[in-house]
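Undergrad: One structure is given below, represented as C-alpha cells, and several questions about it will come after.
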Amino acid sequence: MKRRRHIIRAKKAKISEILTDSSRASTQLHAGRTRAAKAHENLRAELNELRTRFSGMVERGPVPFIVIDSDGYIREANEAAGVLLGYPLQNLLFLSFDYIVNPPDLRNFKEHLRRCHTSGAHPEVTELILCASDRRLLSVQLVSNFFHRKGKDLYQTVIIDQTHLKQRAERLEDRRDFAENIVETIRQPLAVLDARKNV
C-alpha cells in the first residue's frame, strides 16, 4: 500500500514538473513571439520612415524622375520632370512617353526599355532627343532600371538634361572650324605661341 502511494506521489510530482516546464516553455514562447512581433513592427516603422523620406527627396528633388510602365506610360513623376518637359504634373501622369520622344528616336527608346528589362536592376543609359510641351528639343540622357511591383513591370528613370552641354560643344566646334578656316586662308608664315611666347 505504501509503495503504491509512493508511486502515485511520484507520478503526481512528475506530472506537476512536466506541467510547470510546459507552462514555463509556453511563457517563453509567448515572450519570444511578442519580442519578434515588436521587432517586426519597429522594422516596418523604420522602412516606412525611410520610404517617406526617400519619396520626399525624389518628389521635391532637383533631378527629373519618372516611372514608366511596360506600355510606355508615365505612372509617376516628380516636379522637376514636369518643369523640364513643360507639363503640369497632373498632365504628365499617364501620358505616353512615346509622345514626348522625338520620332526618329522612338526605336532607341524601345530598345532602351528592352535592355533594362534584360539587365534587371543594373541601370541602362541611353541618349535621346525629347520634345517639350512648347516644342523645344531637349538633348537628354535616360538612366533607367527595371523593377517589378504589384504584378507590373516598371522602369525607374532619371532624365539628365544635356541640351546646354550639347549647344556649348556645338559652339566650340563652330569656333574651332572658324579658326581653322582663317588659318588655312592666311598666305603668310604663321607661328602659334603659348603664354610664355614659346613656339
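The values are calculated or read from the model by the stated rules, or taken from the named source; none is laboratory data. The structure presented is a predicted model; accordingly, all values stated were derived computationally and were not measured. Quick reminder, even Gly has a Cβ in these numbers, built from the backbone with ideal geometry, and neighbours come from all protein chains shown. Each accessible area value is taken on the protein alone, full model and side chains, heavy atoms only, with ligands, DNA and RNA left out. Shrake-Rupley method; radii C 1.70, N 1.55, O 1.52, S 1.80 Å.
Undergrad: Would you grab the residues whose amide H sits under 5 Å from the one on ASP153? Only those 5+ places off in sequence or on another chain, please, with H modelled 1.01 Å from N.
TA: For ASP153, the qualifying residues are SER70.
Undergrad: Once both labels are modelled 7 Å past Cα along the beta-carbon direction, what's the ALA195-TYR99 spacing in nm?
TA: It works out to 5.3 nm between the two label points.
Undergrad: If you don't mind, there's one more thing I want to ask. Between ALA39 and VAL63, what length in nm is gained on full extension when 0.36 nm per residue of separation is reduced by their alpha carbon distance?
TA: 5.1 nm
Undergrad: Could I have the simple spin-label model distance between ALA132 and HIS30, label points 7 Å from Cα toward Cβ, reported in nm to one decimal?
TA: Label at ALA132, label at HIS30, 6.7 nm between them.
Undergrad: Using a 1.4 Å probe on the protein heavy atoms, what percent of the accessible area of the stretch 57-162 belongs to carbon and sulfur?
TA: Result for the stretch 57-162: 55 percent of the exposed heavy-atom area is carbon or sulfur.
Undergrad: Might you work out the accessible area of SER96 for me, using a 1.4 Å probe with all protein chains in place, and round it to the nearest 10 Å²?
TA: Estimated to the nearest 10 Å², SER96 gives 30 Å².
Undergrad: Let me ask something else about it. Quick one: which residues, 5 or more positions from LEU95 or on another chain, have an amide H under 5 Å from its amide H? H modelled 1.01 Å from N in the peptide plane, none for Pro or chain starts.
TA: Those qualifying (amide H under 5 Å, at least 5 residues apart or on another chain) are ILE74.
Undergrad: Next up: Modelled label-to-label distance, GLN141 and ALA121, 7 Å Cα→beta-carbon offset: nm?
TA: 2.2
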